[in-house]
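The values are calculated or read from the model by the stated rules, or taken from the named source; none is laboratory data. Since this is a predicted model, take the numbers as computed values, not measurements. Neighbour counts run over all protein chains shown; Cβ positions are idealised from the backbone, glycine included. Accessible surface areas use protein heavy atoms only, side chains included; no ligands, DNA or RNA. Shrake-Rupley method; radii C 1.70, N 1.55, O 1.52, S 1.80 Å.
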Amino acid sequence: MPAKTVTVQRPELNFWEKIYLPEIFRGLWITASKFWRNIFVHTAHRLGLMKSVEAAVTIQYPEEMRPTSPRLRTRHRLTQREDGSPRCVSCMMCETVCPAHCIYIVAGEHPDPNVEKAPKSFVLDLGKCVYCGFCVEACPEDAIRMDTQIHTIAAYSREEMILDMQELLNPSPGGMPQKTFYGKKS
Amino acid sequence: MLEQLAIKTALSVIMVAFVMSIAGLLTWVERKQSAVMQDRVGANRASIFGFRILGLFHPIADVIKMVMKEDFTPSGAQRFLFTLAPVVSVTFAIAAVAAIPFGPELQAFGRTISLQVAQLDIGLLYIFAMMSLGVYGVILAGISSNNNYAFLGGLRGASQMLSYEITLGVAILGAVMVYSTLDLQGMVMAQGKHLWGLIPMWGIIVQPVGALLFMTAALAETKRIPFDLPEGESEIVGYFVEYSGMKFGMFFMTDFIETILVAMIMTTVFFGGWQVPWLFADGIHWPWGGVVAMSHGVVVGLQVLSFVFKVVAFIWFFMIIRWTLPRFRYDQLMRLGWKYMFPVSLANIVITGLVLVLIG
Ligand code: SF4
Ligand code: SF4
């Protein structure tokens with residue numbers, strides 16, 4: 001079958017469009033009126049008026065955060081039982097399913113005979129994680145979740161990207177645990 | 001003699017201080033104005049003791065950054081020319097401002113002081129000479145950097161200036177014919193007349209086409225968008241690609257100073273300079289009759305203020321243009337310069353001449 005040819009009609013410019021000037025002034029009119037409108041609203045904001053009208057669409061980032069959807073995959077956390085111990089039973093499902101191989105679990109005995117195992121250590125390397133969420137889906141105990149709404153994940157070294165069980169159970173409010181500063185141990 | 005020198009020094013200090021402070025402020029204005037036009041907030045993070053005052057500290061932060069940065073000369077660069085280029089650019093841009101009259105003749109301390117640094121009979125030619133010399137900064141930077149992109153930028157700068165300088169000169173000839181003087185102070189004086197005692201006889205009224213052509217060509221001279229081919233951020237970075245630190249800062253300031261300069265020339269030649277409509281040496285004469293008498297000092301003050309106001313308004317307008325229009329392609333620029341603007345400016349001269357002869 002021969003390829004179908006689509007002929008796109010180029011818009012014909014009329015005389016006034018060809019000599020640019022009216023079009024240039026139209027463009028300048030749009031930007032200039034935007035300018036005066038925004039200046040007016042900014043001034044009104046300073047005086048505490050017209051708060052409902054927006055003059056800028058930007059979000060002033062560290063002070064203002066964009067509301068995130070609850071289903072957004074953000075930093076991991078381990079959920080806890082009533083006594084504060086991790087719900088995780090060290091079944092190794094997440095470690096197995098993780099495509100980035102970034103979960104390292106060492107299983108241990110749980111004091112309660114009804115619970116078979118508990119993690120002795122649970123380490124997650126965020127430097128490798130691809131935020132696929134497979135670990136959350138694989139977990140039979142609802143023990144790992146990605147709902148902290150933390151997405152300011154940045155550190156000065158690779159070591160700092162590795163989260164231990166303590167951090168996973170109680171995520172630091174600032175986003176990342178501040179272990180070191182500029183690569184130096186504080 | 002000594003007194004003359006003192007007066008001239010004071011005048012030039014005032015002028016340079018005015019131009020440099022506006023140029024410094026323009027880095028802030030550029031950010032803020034573009035932000036407001038584009039529904040953004042603009043630079044507002046630099047703070048001293050927690051005070052931000054609308055980001056006004058950003059120019060200061062810029063200067064500190066420029067001065068502290070390493071001043072790098074690439075290997076293979078011609079060191080002398082490389083250092084000379086930004087100096088040439090900025091010097092001639094500032095020098096051109098000298099011929100601009102920012103006020104009328106001030107009668108004070110028993111003498112008449114023309115508020116103008118250099119009282120030249122050929123003020124306009126002097127300004128053009130300075131503006132053309134400024135181009136050498138661009139070309140020298142392009143040659144001496146030992147960088148092909150810088151070289152391309154220099155080449156583009158040279159050819160762009162060539163194409164627009166002619167239109168620049170020819171477009172303003174109409175105004176020269178109407179006022180029959182090359183002295184800028186004389187030009188402003190000539191614009192004090194009123195048509196039927198109502199409409200001020202400013203250059204824009206008698207030379208609308210010339211004003212438009214001159215403004216376009218002059219904007220091309222400032223090397224800013226939409227005529228920023230020597231720079232061309234998105235393709236070749238331009239003639240100053242190898243510059244860093246304060247040398248880059250000087251090129252940066254040159255663009256702003258030239259913007260101010262063009263605003264001043266537009267004001268002086270086409271928008272009545274320091275003239276205020278209906279304001280004469282003895283006060284305001286309303287066109288419908290009635291006179292508001294004013295003392296000499298008040299009149300001069302008002303006129304200087306009107307000059308400053310017009311210049312600031314033009315700078316605002318140039319900023320709007322810079323943040324609205326996209327860059328011309330190289331061939332479009334050449335076509336616009338040689339095939340449209342140059343013939344139209346020639347026709348403008350012929351028609352102006354005919355009309356002048358017919359009127360008598
Ligand atoms: S989100 Fe994906 S990559 Fe990250 S830890 Fe879970 S399974 Fe591994
Ligand atoms: S899948 Fe759940 S219960 Fe199993 S090891 Fe991972 S976190 Fe623990």
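At-a-glance table
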{"read-out": "Of the criteria (1) away from ligand 1 (no atom under 16 Å from the Cβ); (2) surrounded by fewer than 17 Cβ atoms within 10 Å (Cβ to Cβ); (3) of a type in the set (A, V, I, L, M), which one residue A:97 fails", "value": "(1)"}
{"read-out": "Entirely in the range A:1-108, the helices (runs of 4 or more DSSP H) that have 2 or more residues that are within 13 Å of chain B (Cβ to nearest Cβ)", "value": "A:21-46"}
{"read-out": "Residue in the range A:37-50 that is more than 30 Å from residue B:53 (Cα to Cα) and surrounded by 14 or more Cβ atoms within 10 Å (Cβ to Cβ) present", "value": "no"}
{"read-out": "Residue selected from the range A:162-178 under the condition free of Cβ contacts under 8 Å to residues at least 12 places away in the same chain and open to solvent by less than 40 Å² (accessible area, probe 1.4 Å), by the criterion farthest from ligand 1 (Cβ to nearest atom)", "value": "A:172"}
{"read-out": "Selection status of residue B:54, open to solvent by 30 Å² or more (accessible area, probe 1.4 Å), part of a helix (DSSP H, G or I) and at positive phi", "value": "yes"}
{"read-out": "Qualifying residue in the range A:51-70 (condition: within 16 Å of ligand 1 (Cβ to nearest atom) and either touching a strand residue (DSSP E or B) at 6+ places or on another chain (Cβ under 8 Å) or in contact (Cβ under 8 Å) with a residue 40 or more places away in the chain (or both))", "value": "no"}
{"read-out": "Filter result (of a type in the set (A, V, I, L, M, F, W, C), open to solvent by less than 60 Å² (accessible area, probe 1.4 Å) and more than 30 Å from residue B:126 (Cβ to Cβ)) within the range B:57-95", "value": "B:57, B:61, B:66, B:77"}
{"read-out": "Qualifying residue in the range B:299-315 (condition: surrounded by fewer than 16 Cβ atoms within 10 Å (Cβ to Cβ) and within 14 Å of another protein chain (Cβ to nearest Cβ))", "value": "yes"}
{"read-out": "Residue ID - surrounded by the fewest Cβ atoms within 10 Å (Cβ to Cβ), chosen from residues in the range B:167-216 that are touching a residue at least 60 places away in the same chain (Cβ under 8 Å) and assigned to a strand (DSSP E or B)", "value": "B:194"}
{"read-out": "Qualifying residue in the range A:68-87 (condition: of a type in the set (A, V, I, L, M, F, W, C) and open to solvent by 90 Å² or more (accessible area, probe 1.4 Å))", "value": "no"}
{"read-out": "Positions within the range B:24-74 being of a type in the set (Lys, Arg) and either more than 22 Å from the chain's Cα centre (by Cα) or under 18 Å from residue B:247 (Cα atoms) (or both), in sequence order", "value": "B:40, B:45, B:52, B:65, B:69"}
{"read-out": "Unmet criterion (only one of (1) within 34 Å of the chain's Cα centre (by Cα); (2) surrounded by fewer than 14 Cβ atoms within 10 Å (Cβ to Cβ); (3) not polar (S, T, N, Q)) for residue A:29", "value": "(1)"}
{"read-out": "Criterion (out of contact with any Gly (no Cβ under 7 Å at 6 or more places or on another chain), open to solvent by 70 Å² or more (accessible area, probe 1.4 Å) and away from ligand 1 (no atom under 14 Å from the Cβ)) met by exactly one of A:159, A:137", "value": "A:159"}
{"read-out": "Selection status of residue A:107, within 24 Å of residue A:70 (Cβ to Cβ), open to solvent by 30 Å² or more (accessible area, probe 1.4 Å) and either away from ligand 1 (no atom under 16 Å from the Cβ) or under 20 Å from the mean Cα position of the chain (by Cα) (or both)", "value": "no"}
{"read-out": "Cβ pairs under 9 Å, 6+ apart, first in the range A:146-158 and among the aromatic types (Phe, Trp, Tyr), second in a loop (DSSP other than H, G, I, E, B)", "value": "A:156/A:182; A:156/A:183"}
{"read-out": "Near pairs, Cβ below 7 angstrom, 6+ apart or cross-chain, from the range B:136-153 (among the aromatic types (Phe, Trp, Tyr)) to any residue that is open to solvent by less than 80 Å² (accessible area, probe 1.4 Å)", "value": "B:136/B:88; B:149/B:236; B:149/B:237; B:149/B:241; B:151/B:142"}
{"read-out": "Residue that is nearest to the chain's Cα centre (by Cα), among those in the range A:111-124 that are more than 8 Å from ligand 1 (Cβ to nearest atom) and open to solvent by less than 20 Å² (accessible area, probe 1.4 Å)", "value": "A:122"}
{"read-out": "Long-range neighbours under 6 Å by Cβ, at least six apart or interchain, first residue more than 12 Å from residue A:58 (Cβ to Cβ) and within 9 Å of chain A (Cβ to nearest Cβ) within the range B:23-52, second assigned to a loop (DSSP other than H, G, I, E, B) and open to solvent by 40 Å² or more (accessible area, probe 1.4 Å)", "value": "B:37/B:323"}
{"read-out": "Tally, over the range B:13-40, of residues that are open to solvent by less than 40 Å² (accessible area, probe 1.4 Å) and either at negative phi or touching a helix residue (DSSP H, G or I) at 6+ places or on another chain (Cβ under 6 Å) (or both)", "value": "15"}
